[in-house]
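Everything on this sheet refers to the single structure shown next.
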Amino acid sequence: MRQMVKQMGFVFNVDLCFGCMACEIACRNENQTDSTVRWRKVSRLTDDTFLSVSCNHCNSPECFRVCPENAFTKRGDGIVQINSDLCTGCGLCIEACPYGAPQYDPVTQKASKCQMCYPRQDRGLPPACVESCSTEALTFVDLNTFCDKKIVGSIPGFPDTRLTNPSIAFYPATERKRYFLK
Amino acid sequence: MDLVESTFFVPDYLHDLLVASEKGLKGICAELASILSLPVIITDPLFNHLAAAQLVNNVEINYIDNQQEEIIGEKPLVVNCQFTSNGVPINGICSAILLDGRLRGYLFIQIGEDAAEKIARIYSIIAYASSLCTLELRKRLELKQERQQFKEAFIYDLLYGNMKQKNEIISYGNIWGWDFTQSHTIIVFSLIDFDYYSEDQKHIDSLFYLIERVLIESNLKPIAMKKRGEIVVIYQLLGEEMETNESVIKEFIQRVKIQAEIMDRNNRMATGIGRESSNPEELYKSYQEAKVAYEVGLLLNIHTPFFNGLGLERILYKHDLQDVKEYYDHTLGKLEKHDQVHGGELMHTLEFYAANQYDITKTADALFLHRNTLRYRFKKVEEILDKKLDDMNVRLNITAAFKIKQLRKI
């Protein structure tokens, strides 16, 4: 039977992330990727804010559009998957993605990307990156039903979302009331 | 009758109405008309008849007395309204049918002369019938949502090319009476500046209902789904020639637009149309194209943007941002800098020149300038850019650079 249409997506709270990189390490550990392949990347936005980004499983994925082998599919739950059997490693998806999600794997000589840990999700578990986030800065929800007036579609430092309509939402940085002395 | 008995007494006509509600809106309509001995009409929010009883002639609803905001309160008000029956205006009363605080239809009773007087006397039975209609509409809606879930999963797979077998698509489509042996195209509808956390989601729901209605009126079985802020329609094309199909699609969109404006005066609907596909496996391409046409249409103010009708824009829109910025700077950067330093209008003049197909007379008319003034300015542009404006390749580069600017890439 066909499953109900969902759009699973990440929600990132800028205030809660302190750049520990646990999500990035958990992703690498779960998927056993090569040391040069970063499906999830944590980068510094400003002096005290960070951004953790992986594939955003876009509504209009560019990788899906440009792939000459039709190796990409979008599952009913919104996860964009790559079929490595069809991938020839041409690199078009790597160039097209505004978020740098597909990565070239030198071992397999093909493109690979975050698959939102769908085997874990099928077992009822959250993606490894979400589970590893100790401050709950990174969560994941069904964006078709999730509703919170505080969230925004993009934050400064995040690439233009107009083209691909990514499945990520943000709690933007708020003005801090307390500072820790360094 | 003692006090307890009179307190809990349920009149026969209420019981009859409740029993009649088993037969749906038609049952409620017929029973209410028989109790009141007056014609009754139940419509959707667009005044399309859902059920009617005891009508002598065709009835058109002209206006409802109160503003919509007053009708849609916590408790539906019963207000005056006016119909036209066989060209003759007739007074009536109307009650809104609300479901979860949203307008789902109207209950009209044709009364005649003394409408205001009668409202007070039959108010409570109309409110009761209106509540029964709400229950019936809720039942319908739940059933429809249940069915829609399966349809949506199928349409979703079509839109993302997850179904690779043509025969499988055709046989699945047959379940709902959709003929995928015919050509189809994708039409995307959305609201400009859609805000998920405002009332916009309700507007999308109403628009979805309206689109389904217009498709049914066009004798087409609606293949449509809502996807967050957009409505995707897989439109069946019956003609073979592209021009005929385009005019049919334009007419369909125009009808939706007119109806949407009736429903909501501040309607912000925009649309995009992909290319025709005779192979249902490749409908996902048409969907991607429709979304590009939608975005480009918004940027260039095209009312009904067909992907087929987009020229250079469709390449520039998707092209790498850094690359197009460099191209723009390389082509017009010097001129832009000159204008900034000297406060000139050379960029503006050149833009008009390009928009008027490099025709000096047309540009002079458009800018209210003398042709010689224009010639002087173009000479200056040629000096700054160090290029000849009558060279075809230079013109092509300038046109492309202005298109990049229009597409807000800069």
Problem - Single residue of segment B:165-186 satisfying the filter (among the charged types (D, E, K, R) and within 26 Å of residue B:306 (Cα to Cα)) that is nearest to the other protein chains (Cβ to nearest Cβ) - result: B:166
Practice task
Using the structure shown, decide if residue B:239 is farther than 21 Å from residue B:150 by Cβ, modelled with pLDDT under 85 and within 12 Å of the chain's Cα centre (by Cα).
Solution key: no
Problem - In segment B:175-233, residue nearest to residue B:270 (Cα to Cα) [restricted to those that are among the acidic types (Asp, Glu) and in a helix (DSSP H, G or I)] - result: B:200
Completion exercise
Output for Cβ contacts, cut-off 6 Å, separation at least six or different chains, first residue surrounded by 19 or more Cβ atoms within 10 Å (Cβ to Cβ) in segment B:209-225, second part of a loop (DSSP other than H, G, I, E, B), reads B:215/B:222; B:223/B:178
Handout entry: Residue list for segment B:361-384, restricted to those being touching a helix residue (DSSP H, G or I) at 6+ places or on another chain (Cβ under 6 Å) and under 15 Å from residue B:348 (Cβ atoms)
Key = B:363, B:364, B:366, B:367, B:374, B:377, B:381, B:384
Practice task
Kindly check whether there is at least one residue in segment B:296-313 that is without any contact (Cβ under 8 Å) to a residue 24 or more places away in the chain, charged (D, E, K, R) and within 23 Å of residue B:190 (Cβ to Cβ).
Solution key: no
Completion exercise
Considering residues that are in contact with a Lys or Arg (Cβ under 8 Å, 6 or more places away or on another chain), among the hydrophobic types (A, V, I, L, M, F, W, C) and either over 22 Å from residue A:164 (Cβ atoms) or free of Cβ contacts under 8 Å to residues at least 12 places away in the same chain (or both), the number found within segment A:23-61 is 1
Practice task
Determine which single condition residue A:52 fails, assuming it passes every other condition in (1) more than 14 Å from chain B (Cβ to nearest Cβ); (2) farther than 15 Å from residue A:135 by Cα.
Solution key: (2)
Problem - Sole exception among (1) among the charged types (D, E, K, R); (2) modelled with pLDDT of 90 or more; (3) assigned to a loop (DSSP other than H, G, I, E, B) for residue B:250, by number - result: (3)
Problem - Subset of segment A:66-85 (residues that are under 15 Å from the mean Cα position of the chain (by Cα) and of a type outside the set (Asp, Glu)) - result: A:74, A:78, A:79, A:80, A:81, A:82
Problem - Single residue of segment B:187-227 satisfying the filter (β-branched (Val, Ile, Thr) and over 13 Å from the mean Cα position of the chain (by Cα)) that is nearest to the other protein chains (Cβ to nearest Cβ) - result: B:223
Problem - Scope segment B:343-354; condition assigned to a helix (DSSP H, G or I) and without any contact (Cβ under 8 Å) to a residue 40 or more places away in the chain; matching residues - result: B:346, B:347, B:348, B:349, B:352, B:353
Practice task
Quickly run through segment B:1-17 and pick out the residues that are surrounded by 15 or more Cβ atoms within 10 Å (Cβ to Cβ) and touching a Phe, Trp or Tyr at 6+ places or on another chain (Cβ under 9 Å).
Solution key: B:14, B:17
Practice task
Return the residue satisfying two criteria in turn: it lies in segment A:59-78 and is among the hydrophobic types (A, V, I, L, M, F, W, C) and buried (at least 22 other Cβ atoms within 10 Å of the Cβ), and of such residues it is nearest to the other protein chains (Cβ to nearest Cβ).
Solution key: A:64
Problem - Flag if residue B:372 is closer than 20 Å to residue B:401 by Cα, in the same structural domain as residue B:332 (by TED's automatic domain parsing) and either in contact with a strand residue (DSSP E or B) (Cβ under 9 Å, 6 or more places away or on another chain) or of a type outside the set (Phe, Trp, Tyr) (or both) - result: no
Fill in the blank from the handout: Across segment B:133-163, the tally of residues that are farther than 30 Å from residue A:162 by Cβ, touching a residue at least 12 places away in the same chain (Cβ under 8 Å) and within 14 Å of chain A (Cβ to nearest Cβ) stands at 0
Handout entry: Tally of residues being away from chain B (no Cβ under 14 Å) and not in a helix (DSSP H, G or I) across segment A:1-32
Key = 9
Practice task
Residue by residue through segment B:1-42, note down the ones that are among the polar types (S, T, N, Q) and not in a loop (DSSP other than H, G, I, E, B).
Solution key: B:6, B:7, B:21, B:34
Practice task
Tell me, please, whether a residue that is more than 10 Å from chain B (Cβ to nearest Cβ), under 30 Å from residue A:176 (Cα atoms) and not β-branched (Val, Ile, Thr) can be found in segment A:82-99.
Solution key: yes
Practice task
Take residue A:92 and decide whether it is touching a residue at least 24 places away in the same chain (Cβ under 8 Å) and more than 25 Å from residue A:140 (Cβ to Cβ).
Solution key: yes
Completion exercise
residue A:167 fails exactly one of (1) under 15 Å from residue A:54 (Cβ atoms); (2) touching a Leu at 6+ places or on another chain (Cβ under 7 Å); (3) more than 14 Å from every other protein chain (Cβ to nearest Cβ), namely (3)
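The values are calculated or read from the model by the stated rules, or taken from the named source; none is laboratory data. Predicted, not measured: the structure shown is a model, and the values here were computed from it. Cβ coordinates were reconstructed from backbone atoms using ideal geometry, including for glycine residues, and neighbour counts include every protein chain displayed.
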